[in-house]
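So the structure is just underneath, and the comments pick up after that.
Throughout, read-outs are computed from the coordinates displayed, never taken from laboratory work. Owing to the predicted nature of the structure, the values given are computational and were not obtained by experimental measurement. Heads up, the Cβs are rebuilt from the backbone with ideal geometry, glycines too, and the neighbour counts pull from every protein chain shown.
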Amino acid sequence: MIKVSLLIMLLLTVVIGMGLRWRQDRLPQVAAARRRSGLVARGKARIDLWVTAAAIATVGTILLVGGLHWLRVWFE
């Protein structure tokens, strides 16, 4: 079960990270600020994006796996 939840979390992190990056690219203010920023600022923004994606994926994984567990408990 641990392997499944880690796989789900990794998959959700990648999908959510791609979605957040796509969303940032569509916002003109963020895209303009990113072009003007230096190398360190872009690195920090990229790390922040992936940490945010991992946090959202963690909550989603907990809800998904926990919900599946309670469904199994409920129907036994």
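Could you calculate the FRET efficiency of I2 with A55 from 1/(1 + (r/R0)^6), where r is the beta carbon distance between them and R0 is 30 Å, rounded to 0.05?
On the way: r = 19 Å, r/R0 = 0.65.
After rounding, the FRET efficiency stands at 0.95.
Which one is right for this structure if semi-axes √(5λ) of the Cα gyration tensor in Å is calculated from it: [x] 35, 12, 8; [y] 62, 28, 7; [z] 15, 13, 12?
[x]
With angles folded into 0 to 90 degrees, how steeply does helix 2-26 sit against the dominant principal axis of the chain? Use alpha carbons for both and round to 10.
Compared with the principal axis, the helix lies near 30 degrees.
To the nearest 20 Debye, how big is the dipole of the chain about its Cα centre, given +1 on the beta carbon of each Lys and Arg and -1 on that of each Asp and Glu?
Details: 11 positive and 3 negative charges, 111 e Å.
For this selection, approximately 540 debye.
Which one, R36, R23, R46, has the greatest fluctuation when you compute a Gaussian network model over the chain with C-alpha springs under 10 angstrom?
R36
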